[in-house]
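What follows is a short report on a single structure.
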Amino acid sequence: MKLTSEIKIFAVILVVAVALVAFTVLPTLRSNNPTPIKHIEDTPLKKSDLIQADTHIKGNKDAPFTLVVFSDFQCPMCKDVSPQLNKIVENSKGQLNMAYHHFKPRPDHIHSQQLSRASEAAAVQGKFWEMHDELFKIQDLVKEEPDDKVDILISQLAKDIKLDLLKFQATLKSKNIDDPFLADNVLAIQQLKLGQTPSFFGIEKSGKIQAINNLADIRTWVKREGIPE
Amino acid sequence: MTRALANRIMFILSLAGFCDSLYLTMAHAQLVELKCGPSHGCEEVAHSAAAMGMGIPFLSNIPTAAFGILMYLALAAGAFLRAATDNEVIHDRVSKFQWAISLVSVLASGYLTYLEAYVIHAWCRYCVVSAIIILIHFIFASIDRSMARKSNISASIVEGEIS
């Protein structure tokens with residue numbers, strides 16, 4: 001193969017492309033350590049800011065570690081990570097529990113509040129996490145449906161997880177369950193300045209709070225803290 | 001516009017498309033963070049059925065972006081081969097190969113764009129960029145084929161006149 005001027009031009013193009021990739025993509029490669037979000041370091045955040053008396057906890061209530069999740073029932077990534085988070089908590093042998101907060105960052109997730117209210121109504125009967133798992137299963141179904149159809153789907157879920165249906169529907173109609181949902185959103189937006197779901201925080205034994213970017217970083221955090229996997 | 005220039009442009013487009021697909025595949029493997037902007041559209045697309053095997057069940061173990069890597073790599077290799085050889089037969093065959101691959105890719109990309117618009121109802125900026133790249137590539141591949149046909153006809157006429 002002769003080194004013609006055309007090959008030289010192609011070689012230059014190739015070198016420029018490789019250099020562009022090296023300067024743009026390589027710096028964004030993930031490190032092995034969870035990366036703290038800057039604003040968390042600047043905020044005097046306490047465990048009590050993230051976990052209140054009415055916060056939904058999955059797993060051992062007295063676990064030394066807590067994974068706090070801000071999630072939205074209409075967010076596809078939240079649905080995607082949910083079973084894996086459940087598994088991480090189950091495998092932790094009581095060392096890690098999970099706290100759930102509602103957060104709706106996207107206005108086009110039109111049923112988020114309706115679904116969150118359903119989970120809160122189930123929580124009144126002690127079945128928040130059962131409803132939580134079921135609501136993610138109907139995520140694709142509710143996307144295009146009007147509110148009344150979504151209500152029917154929610155009632156079906158309530159039957160499936162053996163809730164007292166009359167009590168469930170009465171709770172749904174009451175104003176009482178608006179507050180925890182709104183409080184979660186205020187916490188996410190005003191104090192934590194979150195912009196997306198799912199958002200994660202790890203609370204360590206010492207009470208130190210670690211912002212965690214994604215599922216891969218949760219696994220790294222779990223490993224680093226010596227939590228059974 | 002010469003055929004050499006068209007080939008250079010196709011090479012640049014293939015590399016751009018390759019980088020785009022590589023980024024999406026790396027994001028799928030959680031090696032890089034997928035930067036979606038405020039709309040989060042690419043997150044929705046990245047977690048839809050179409051993100052794996054182009055939504056085709058028996059290909060569902062392979063990320064859709066990985067097909068893009070293979071396709072752009074083939075197109076870039078074809079453009080490089082044309083630059084590296086003076087053999088007219090190879091030139092012509094590779095040119096047809098580039099056109100055919102980009103046609104298939106435009107159709108696949110059109111299907112994925114349809115899924116974004118009417119099934120997923122979310123737009124992935126990186127997928128849209130790839131769709132635009134392959135469409136422009138196809139236009140240049142078609143111009144290149146058109147110029148090849150014209151030069152073949154001219155050559156036949158010249159040969160006919162000589163004989």
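The values are calculated or read from the model by the stated rules, or taken from the named source; none is laboratory data. Everything numeric here is computed off the predicted structure, so don't read it as measured data. Cβ sites come from the backbone with ideal geometry, for glycine too, and all protein chains shown count toward neighbours.
List of remarks:
- Considering (1) more than 10 Å from chain A (Cβ to nearest Cβ); (2) closer than 22 Å to B:ARG145 by Cα; (3) surrounded by 14 or more Cβ atoms within 10 Å (Cβ to Cβ), the lone condition that B:ILE62 does not fulfil carries the number (2).
- Selection within the range A:112-170 - under 25 Å from A:PRO198 (Cα atoms) and of a type in the set (Phe, Trp, Tyr): A:PHE128, A:TRP129, A:PHE136
- Members of the range B:86-108 that are more than 14 Å from chain A (Cβ to nearest Cβ), among the β-branched types (Val, Ile, Thr) and over 30 Å from B:ALA51 (Cα atoms): B:VAL89
- Within the range A:138-160, residues that are without any contact (Cβ under 8 Å) to a residue 40 or more places away in the chain sit with their Cβ atoms under 7 Å from residues that are of a type in the set (Asp, Glu), at 6+ positions apart or across chains, in these pairs: A:LEU157/A:GLU134; A:ASP160/A:GLU134.
- For the range B:123-147, a tally of residues being assigned to a loop (DSSP other than H, G, I, E, B) and surrounded by fewer than 22 Cβ atoms within 10 Å (Cβ to Cβ) returns 1.
- A:LYS149 vs. criteria assigned to a helix (DSSP H, G or I) and not acidic (Asp, Glu): yes
- Subset of the range A:81-128 [among the aromatic types (Phe, Trp, Tyr) and surrounded by 20 or more Cβ atoms within 10 Å (Cβ to Cβ)]: A:TYR100, A:PHE103
- Here the range B:26-59 is the region considered, the condition is being more than 14 Å from A:MET77 (Cα to Cα), assigned to a helix (DSSP H, G or I) and within 14 Å of chain A (Cβ to nearest Cβ), and the residue that is modelled with the highest pLDDT is B:MET26.
- Scan of the range A:183-211 for residues that are in a loop (DSSP other than H, G, I, E, B) and either out of contact with any helix residue (DSSP H, G or I) (no Cβ under 7 Å at 6 or more places or on another chain) or closer than 17 Å to A:THR66 by Cα (or both), ordered by number: A:LEU192, A:GLY195, A:GLN196, A:PRO198, A:GLU204, A:LYS205, A:SER206, A:GLY207, A:LYS208
- Here B:ALA83 clears all of (1) out of contact with any Lys or Arg (no Cβ under 9 Å at 6 or more places or on another chain); (2) within 14 Å of chain A (Cβ to nearest Cβ) except the condition numbered (1).
- Hits in the range A:212-229 (condition: outside any helix (DSSP H, G or I) and away from every other protein chain (no Cβ under 14 Å)): A:GLU225, A:GLY226, A:ILE227, A:PRO228, A:GLU229
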